[in-house]
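Inspection log for the structure reproduced underneath, given as structure tokens.
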Amino acid sequence: MSGRVLVGVKRVIDYAVKIRVKPDHSGVVTEGVKHSMNPFCEIAVEEAVKMKEKKLIKEVVAVSCGPQQVQETIRTALAMGADRGIHVEVSAKEYESLGPLQVSKIMAALARKEEAQLVILGKQAIDGDCNQTGQMTAALLDWPQGTFASEVTLEGGHVKVVREIDGGLETIKITTPAVLTADLRLNTPRYATLPNIMKAKKKKIANMKPADLGVELASKLEVLRVDEPPQRQAGVKVESVDDLVGKLKEAGRI
Amino acid sequence: MAVRAAGQIAGICHLCRSSTLGSFRTLCRNVSSSKHTPSNAPETPVDHLIYTPEHFALKESIKKIIDQEINPHVDQWESEGKFPAHKVFKILGNAGILGVNKPVEYGGLGLDFSYSVAVSEELGNIRCGGIPMAIGVQTDMATPALARFGSDELKKEFLRPSILGDKVACLGVSEVGAGSDVSSIMTKAVRKGEEYVINGGKMWTTNGTQADWMCLLANTSDGPPHRNKSLICLPMSLPGVHIARQIDKMGMRSSDTAEVFFDDVRVPSKNVIGQEGMGFTYQMLQFQEERLWAVANTLTTMDLIIQETIDYTRQRKIFKMPVLHHQTVHFRLAELQTEVELLRSLLHRATALFIRGNDVTKLASMAKLKAGRLARELGDSCLQFWGGMGFTNDVLVSRFYRDSRLISIGGGADEVMLGIICKYMDTLPK
């Protein structure tokens, strides 16, 4: 098999960090905060690397859009087994307004340029929780999409995708080239081992700008204000089951 | 000179923030009690004195393994008095963590000692001292002499599987009558033809009940005590090797510690590491690394203890205000954090000098001395601020209080470190 898989990897605030809103409510505090690869992107990388190990594809290319620091995230993907990286450089200022549509345009342009057989993305990133980039990328390319994948089987010019949908699993068969998005149960990502971290140092990361791909970053969205979620209020204790039922009825819950 | 006792090194722990990928931020917020604030953010790759981005990538990978494979089980292993060394070492071996500074031909990575320090620092996130200690015995105590001076055959048989995590190693130096004064050991290996016949016993042997082989220090002749000892690779399955008992300790409970007897144990003479009679010298060569490793390991835990104490005292109220708001508490914690940072600076300075080929015995001994003293002070001060909770076995601070006491005893006691420092200051009475 000679296909190429493009995998999107996003640098997000680490899942274990408590998010703080900036005092001026313009966004969240990112300075001095631990970042790591979006967990769903890790699953996407793992799936692509597994395909390569099974010799179903030839090459895995990890892509990330953002300022200089996203190269760390690309390195992590390379340490997990991706063959090379592409860093689409977006200044810190522009990055603030970079949304799913802009990233989709970049991914679509790269998918064409690299003649990818598959584009695999995480179903969403744990910072914005948008869950749009995969779908938009497929639309822009006019390729089939297999989203929320919990099982992927690549066979010739087709991909069988088991999707996690409300109330169960749906199995679809789509033709390649296609866009897939990884759900939580697709696989368990491997640890980057020390030998592979050292090898990743020697792998190449190409650097380009959105303009090189003919992508315009202007966004029509404006963030007005970011707030902390409301604090949970203390509960009340009830004396008996009847009281409980009464309270629930009062609250319109039953 | 002198050396070790019980299980050397110490270091402790961290909160397992969440154990699977499934537990993302929202879930995490519910289960995790300690949070890094921006002011206490971990060091970043930018302009670090000794660490490159690869060091940080390595640390991140180890942190994941600890959070997913080790920390969720620590409480159980602590209560059982033993952790499954073969299972844990295999996971670490697969990730390449057990041989960072070992030769590439035998499965290691051939990197400089700064990577070992980074590994040790990160292992300080394990929520007990026993497991990091057991790992340290495997990587930096039982195997360095073998890696440097052992024959190709011995390295294939013992070093390679130890780096890959297939074999568990222990170090047989201390005895009932010899700890920090290594030169007084009594165990004898008498040459008979192509074999050594070994009689005697070892004490305080970390990993002893689970180990596949021992790096044994034994007297191979009657000569002067610094030139009559040899290091021998001893398979623990040989007839005549008896594990007398597992020692019941006040701390480091998840690490098994054995007393071992040898009764006419026959080992092929080719199992001697390097030259016969050089055992004591070989052991001495690795002291600098051992000591720096121990310091790195405990530093991370000390940071954690301070952070968890801040988190706890912030929400615990006394006399109508948070415990933390009492000046005696926040000032004391500031004082302790300052000491931790000073120790970290000494560690990184000594490491930077060491990887450039300098002898840092004096600095390493000072760092080891200070780590032991500071851990005792810090554990005691922080435990006090936890009040009654600190006296329970439910909290990390009490485990640290017990475990870290060993730092001043193992790997050369505080008094031995002082003796070495005095030698370098030329103040030791002749």
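The values are calculated or read from the model by the stated rules, or taken from the named source; none is laboratory data. Source: prediction; values computed, not measured. No Cβ is skipped: glycine too gets one built from the backbone with ideal geometry, and neighbour counts run over all protein chains shown.
Here are the numbers for this structure:
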read-out: Test: residue in region B:118-138 that is surrounded by 24 or more Cβ atoms within 10 Å (Cβ to Cβ), under 26 Å from B:Gly277 (Cα atoms) and touching a Phe, Trp or Tyr at 6+ places or on another chain (Cβ under 9 Å); value: yes
read-out: Matching residues in region B:67-117 - criterion: being within 13 Å of another protein chain (Cβ to nearest Cβ), touching a Phe, Trp or Tyr at 6+ places or on another chain (Cβ under 8 Å) and not in a helix (DSSP H, G or I); value: B:Ala95, B:Val100, B:Asn101, B:Leu109
read-out: Residues located in region B:258-296, provided they are of a type in the set (A, V, I, L, M, F, W, C) and more than 26 Å from B:Leu346 (Cα to Cα); value: B:Ala258, B:Val260, B:Phe261, B:Phe262, B:Val265, B:Val267, B:Val272, B:Ile273, B:Met278, B:Phe280
read-out: Options B:Arg356, B:Arg314; residue that is free of Cβ contacts under 8 Å to residues at least 24 places away in the same chain and under 30 Å from B:His55 (Cα atoms); value: B:Arg356
read-out: Residue, modelled with the highest pLDDT, within region B:380-412, restricted to residues that are under 18 Å from the mean Cα position of the chain (by Cα) and outside any helix (DSSP H, G or I); value: B:Ile409
read-out: Counted residues, region B:413-425 - those being in a loop (DSSP other than H, G, I, E, B) and without any contact (Cβ under 8 Å) to a residue 60 or more places away in the chain; value: 0
read-out: Test: B:Met250 is aliphatic (A, V, I, L, M) and under 14 Å from B:Val137 (Cβ atoms); value: no
read-out: Residues being of a type outside the set (Lys, Arg) and either in contact with a strand residue (DSSP E or B) (Cβ under 8 Å, 6 or more places away or on another chain) or at the interface with chain B (Cβ under 7 Å from one of its Cβ atoms) (or both) - total across region A:18-30; value: 6
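Per-residue answers, yes or no, for (1) at pLDDT 95 or above; (2) among the polar types (S, T, N, Q):
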{"site": "B:Ser174", "(1), (2)": "no, yes"}
{"site": "B:Gly179", "(1), (2)": "no, no"}
{"site": "B:Asp212", "(1), (2)": "yes, no"}
{"site": "B:Leu231", "(1), (2)": "yes, no"}
{"site": "B:Arg245", "(1), (2)": "no, no"}
{"site": "B:Val260", "(1), (2)": "yes, no"}
{"site": "B:Pro268", "(1), (2)": "yes, no"}
{"site": "B:Phe280", "(1), (2)": "no, no"}
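Let's see how each residue does on (1) touching a residue at least 24 places away in the same chain (Cβ under 8 Å); (2) more than 14 Å from every other protein chain (Cβ to nearest Cβ):
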| site | (1), (2) |
| --- | --- |
| A:Thr181 | yes, yes |
| A:Arg185 | yes, no |
| A:Pro189 | yes, no |
| A:Asp212 | no, yes |
| A:Val245 | no, yes |
